[in-house]
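Below: the structure, in structure tokens.
Where a number appears in this text, it was derived from the coordinates with a stated rule and is not lab data. Remember, predicted model here, so these are calculated numbers, not experimental data. Virtual Cβ from ideal backbone geometry, glycine too; neighbours counted across all protein chains shown.
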């Protein structure tokens, strides 16, 4: 069941990305970003009635404070990346988080990957190179330059770096509470931070929302909530690393949706590149 729940997490993650990208045609980035937390809050808070509330230490509150600010920043950059580039080009960049963990984990929690972990990281880098392999005729570094030239992948790489920090903060938060309570807490805190940000954004930009646009934002929130519910259900049944690794298959779903919904090009090389990157993620998690 954990595998089924993890795959459903990946599927709803990809559906959420498609809904966000479609909404960005007419709706402001801040509103789309905040909708994932604000409109999903009622469903997320219901889970509180089914879990034990742990005793909370100062370590938990410090992790929540720092993690929330970084999480909101990463979400805004994530949605900006979806706005400016193809799903099939920007989404695979999130698999770079383990690469950046080489820098952040030893500093924050004193962890370093073994040899197989390093092989997994190498596969992630090779897969990213393959995303723009058609550019190779212009020289060895041309695919890399073409990738960096795109605003979406640049933003998503920054998201991956921030997530390499928040992954360690998440570990601190979970160790000082529980998986479910930590997910709910970060979700609630992010929603509370987004509310004033959106309020000032609406006033400054004089944004007027149509009912159809409000419906789109509500849909994003519901899908994001379902993703979180399935993710927590999967984590309750197996190791966190397994769930997050399977969740990364959302990259494959995202590339396929990008081709089917937005008619994005380069399907074969981007699918191949993403598959190589995911193999690297699985190696790191399983071994």
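General remarks:
- Using the Cα coordinates of segment 138-287, the gyration tensor eigenvalues translate into equivalent-ellipsoid semi-axes of 28, 26, 17 Å, sorted from longest to shortest.
- Annotation: the residues 37, 5, sorted from fewest to most other C-beta atoms within 10 Å of their own C-beta, follow the order 5, 37.
- Over the chain, Cα pairs under 8 Å with separation of 6+ residues give a relative contact order of 43 percent.
- Tail fraction, Cα-Cα pairs, segment 227-287, threshold 16 Å, whole percent: 52
- Packing-based order for 196-202, 124-130, 278-284, 30-36, using average beta carbon neighbours within 10 Å, highest first: 30-36, 278-284, 124-130, 196-202
- Segment 150-178 and segment 81-105 have Cα centres spaced 10 Å apart.
- Peptide ranges 158-171, 65-78 listed from the most packed, as the mean C-beta count within 10 angstrom indicates: 158-171, 65-78
- Ordering 263, 151 by the number of other Cβ atoms within 10 Å of each residue's own Cβ, fewest first, gives 263, 151.
- Rg over Rh for the chain works out to 0.96, using Cα positions for both radii and the Kirkwood form for Rh.
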